[in-house]
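A.B. asks: Could you have a look at this structure, given as structure tokens, before my questions?
The values are calculated or read from the model by the stated rules, or taken from the named source; none is laboratory data. Here the structure is a predicted model, which is why all the values come from computation and not from measurement. Reconstructed Cβ throughout: ideal geometry from the backbone, glycine too, with neighbour counts over all protein chains shown.
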């Protein structure tokens, strides 16, 4: 089944404790992206990647890092999480160019930073 | 990105058709109209998209006004599974050339299906 898989789905952590949210897709998509969703603000893009070893900032990249060493994986790294990073995070992928604007989203990772 | 306006919420009876409106009066000639929906506790899901002509797929139909300043997502026979937040999004396809497939989500329309 074609899917985008995120882990963990739920996480409670404390300020300053590094964490990684993994994202994997099995559709051989070139493009992957991370969004965060907050009440009243909709979904905002954090980072995106057009292909392996090619990443770029989205609208709200502060406090986050990403890497794209393999096509299927695009982890989101919070080096020193803070309470304002408490949010619902979504990873998305796209075949890029083949279906412009058609993104496939994961089920989300709810992160709470105390 | 050009802005869209949707009602905050709508209700519909189960097994009835649902028409979800979207206004986009500042749409440009290269903006595609995309619809996504987000079911409870899930990520957004692609529904349909179009440019000028009406579009149909297995999930829904998209009716686009002749002047393209508005569009309507049509669910032909609503089921309880269609209860979700529906997002109408404009996306300039020229952005594809720069590589970022970003979608700008607003607050959408929360659709409630009444059994």
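A.B. asks: Could you count how many residues in segment B:53-81 are buried (at least 19 other Cβ atoms within 10 Å of the Cβ) and in a helix (DSSP H, G or I)?
C.D. replies: The number of residues fulfilling the criteria is 0.
A.B. asks: Show me the strands (runs of 3 or more DSSP E) found entirely inside segment A:17-114 where at least 1 residues are away from every other protein chain (no Cβ under 14 Å) and at pLDDT 95 or above.
C.D. replies: Numbers: elements: A:19-25, A:31-38, A:42-51, A:54-57, A:76-78, A:87-94, A:109-113.
It comes to A:19-25, A:76-78, A:109-113.
A.B. asks: Further question: Take residue B:58 and decide whether it is out of contact with any strand residue (DSSP E or B) (no Cβ under 8 Å at 6 or more places or on another chain) and more than 14 Å from every other protein chain (Cβ to nearest Cβ). I'd like the intermediate steps shown before the answer.
C.D. replies: Details: out of contact with any strand residue (DSSP E or B) (no Cβ under 8 Å at 6 or more places or on another chain): yes; more than 14 Å from every other protein chain (Cβ to nearest Cβ): yes.
So residue B:58 fits the description; yes.
A.B. asks: If a residue has to be farther than 16 Å from residue A:111 by Cβ and surrounded by fewer than 14 Cβ atoms within 10 Å (Cβ to Cβ) to count, how many in segment A:37-51 make the cut?
C.D. replies: Qualifying residue count for the region: 1.
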